[in-house]
1. With the condition kept exactly as written, say whether any residue in region 41-63 is surrounded by fewer than 13 Cβ atoms within 10 Å (Cβ to Cβ), outside any helix (DSSP H, G or I) and modelled with pLDDT under 85.
2. Tally up the residues in region 1-32 that are surrounded by 13 or more Cβ atoms within 10 Å (Cβ to Cβ), in a helix (DSSP H, G or I) and touching a helix residue (DSSP H, G or I) at 6+ places or on another chain (Cβ under 8 Å), please.
3. Are there any pairs with C-beta distances below 7 angstrom linking a residue in region 3-15 that is within 16 Å of V37 (Cα to Cα) to a residue that is of a type in the set (G, A, S) and part of a helix (DSSP H, G or I), with the two at least 6 apart or on different chains, and if so which?
4. Among the numbered conditions (1) closer than 24 Å to R63 by Cα; (2) hydrophobic (A, V, I, L, M, F, W, C); (3) within 14 Å of the chain's Cα centre (by Cα), tell me where L14 comes up short.
Amino acid sequence: MTLHLALPLVALLLNVALIAIALAGGGRRPVDRVFAVFASSMVLWNGGVFWLRAAATAEEALRADAPPGPCPQCGWSTMWNE
């Protein structure tokens, strides 16, 4: 595993740790919950970056970008490739 591939995983794990720290006190304060939601979006982003960087071919990367369900043509990268 190269550094280029490992960095999104490291960031993902750090964001998960930040979520755990923010919610460790029970998440009573609204600012803790808002931060946890923001960090959760960063976890999803870093997972997607890792998935795209791990793709061996361009076609595989485009499939990774497509949302699951009945509309595989609705991904962001397919919108910009037309």
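The values are calculated or read from the model by the stated rules, or taken from the named source; none is laboratory data. From a predicted model like this one, the values you see are computed outputs, not experimental measurements. No Cβ is skipped: glycine too gets one built from the backbone with ideal geometry, and neighbour counts run over all protein chains shown.
1. The answer is no, given that none of the residues of region 41-63 is surrounded by fewer than 13 Cβ atoms within 10 Å (Cβ to Cβ), outside any helix (DSSP H, G or I) and modelled with pLDDT under 85.
2. Adding up the residues that qualify gives 10.
3. Correct list of pairs: L12/G47; N15/A39.
4. Just one mismatch for L14, condition (1).
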